[in-house]
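Below is one structure, written out as structure tokens, with a few remarks after it.
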Amino acid sequence: MINSSTRPTIGVFDSGFGGLTVLQALLTYLPGARYAFLGDTARLPYGSKSRRTIARYAIESAHFLVREQGAEFLVIACNTASALALDAIQDAVPVPVLGVIEPGAKAALEASRTGDVLVIATDATVQSHAYASACHARGLRAVEKACPLLVPLVEEGWTNHPITAEVIRIYLDELWAEATQKAMHPDALVLGCTHYPLLRPLIEAAVPPGVQVIDSAAAAAHAAVLQFNGRAAAHPASSGEQQTEIHCFATDSVEKFERLGSRFLGRPVGKVGLVDLGG
Ligand code: DGL
């Protein structure tokens, strides 16, 4: 738990609701902080955009959190922005910035015995091959698959819908076929998009027994705690909850954010501020 006299502001950013899965894990591991969360909902999805556009959006969002919210530490709770713009964001702000790709790959290494892993992510993340590189650097073989329909389904709140379950099944069947063709024996599936943990029950129901589902959001939150505290271990705690402050912002549809955000965060997100970051 953080001492209230030195309470830091931690900025957490995603294109939409997905980053709330990282915020939820941060609240568990690092209670007592002041959190400023920004969902760039007006410009979502990032996953279908170019590196240049993603970097511009991500830097504008990072500037808002650092300059206007006083964030002293940034967690990029978006695999797409982490894969394509982490360096650009780090260059643009004077505070430590943590992305989700490296923690996700590290968690895959810890989980896999066969050394073969599967990654599902947005189109832009897959095109960047950021996960494949991070996995290869750790001696893992990885097959990546873009699942572009999943983010809009989550943003629509269809996290437990039969259509979503069917879409997941089709994507995973295709991914499995590709891994089999490459004579791989995957035993871990990385959720390489922070929206996907919100679909975890449906995804777990669709993978064969023995395959571990890795949540890059939880892995990133854990890495953030270690980096932030400089401590060797983080323990879930509840005693600091009264002091935790959460301020959520969105670039569009604040009412929808208040409604769905509270459901996804598992606690009220409170009044959501509307932010205009331009086009
Ligand atoms: N949640 C974001 C990620 O982790 C992507 C959503 C989007 O496409 O905007 O990649």
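The values are calculated or read from the model by the stated rules, or taken from the named source; none is laboratory data. As the structure is a prediction and not an experimental result, all values here were calculated from the model. Heads up, the Cβs are rebuilt from the backbone with ideal geometry, glycines too, and the neighbour counts pull from every protein chain shown. For the accessible areas, the whole protein counts, side chains as well, though only heavy atoms, and no ligand, DNA or RNA atoms are used. Shrake-Rupley method; radii C 1.70, N 1.55, O 1.52, S 1.80 Å.
I'd like to know which of 192, 21, 96 lies farthest towards the positive end of the charge dipole of the chain, counting +1 on Cβ of Lys and Arg and -1 on Cβ of Asp and Glu. Sorting the options by dipole projection puts first 96. Note on the range 95-119 and the range 28-55: Cα centroid distance 19 Å, given to the nearest whole angstrom.
Using the 1.4 Å probe convention, the accessible area of the chain works out to 42 Å² per residue with neighbouring protein chains retained.
Ligands, DNA and RNA left out, the accessible area of the chain computed with a 1.4 Å probe is 51% carbon and sulfur. With the cut-off at 21 Å, tell me which of the pairs 49/145; 49/182; 106/145 have Cα atoms farther apart than that. Exceeds cut-off: 49/182. Against the chain, whose longest principal axis comes from its Cα atoms, helix 51-63 is set at around 30 degrees. Evaluated with a Cβ-only charge set (Lys, Arg +1; Asp, Glu -1), the chain carries a dipole of roughly 320 debye about its Cα centre, given to the nearest 20.
Residues whose amide H comes within less than 5 Å of that of residue 212, counting only those at least five positions distant or on another chain, are 188, 189 (H built at 1.01 Å from N in the peptide plane).
Can you give the charge dipole size of the range 1-137 about its Cα centre, rounded to the nearest 20 debye, using +1 on the beta carbon of Lys and Arg and -1 on the beta carbon of Asp and Glu? Don't skip to the answer; put the middle values down first.
On the way: 10 positive and 11 negative charges, 28 e Å.
It comes to approximately 140 debye.
What is the sum of charges around residue 121, taking Lys and Arg as +1, Asp and Glu as -1, for the other residues whose C-beta is under 9 Å from the C-beta of residue 121?
Working: positive: 145; negative: 123, 144.
Around residue 121, the surrounding residues sum to -1.
Among 110, 258, the sequence by solvent-accessible area, most first, with a 1.4 Å probe is 110, 258. The residue 129 and residue 174 beta-carbon pair, evaluated with R₀ = 30 Å, returns a calculated FRET efficiency of approximately 0.95.
For the chain, the longest principal axis of the C-alpha atoms and the axis of helix 20-29 are separated by about 70°. Accessible area per residue (1.4 Å probe, heavy atoms of protein chains only) ranks 57, 196 as 57, 196, with the largest value leading. Angle check, please: helix 101-111 long axis (alpha carbons) against the longest principal axis of the chain (alpha carbons), in degrees 0 to 90, nearest 10. The angle comes out near 50 degrees.
The largest accessible area among 271, 182 belongs to the first residue in 271, 182, and the rest follow in falling order (1.4 Å probe, all chains).
Note on residue 97: accessible area approximately 10 square angstrom, rounded to 10, probe 1.4 Å, nucleic acids and ligands left out.
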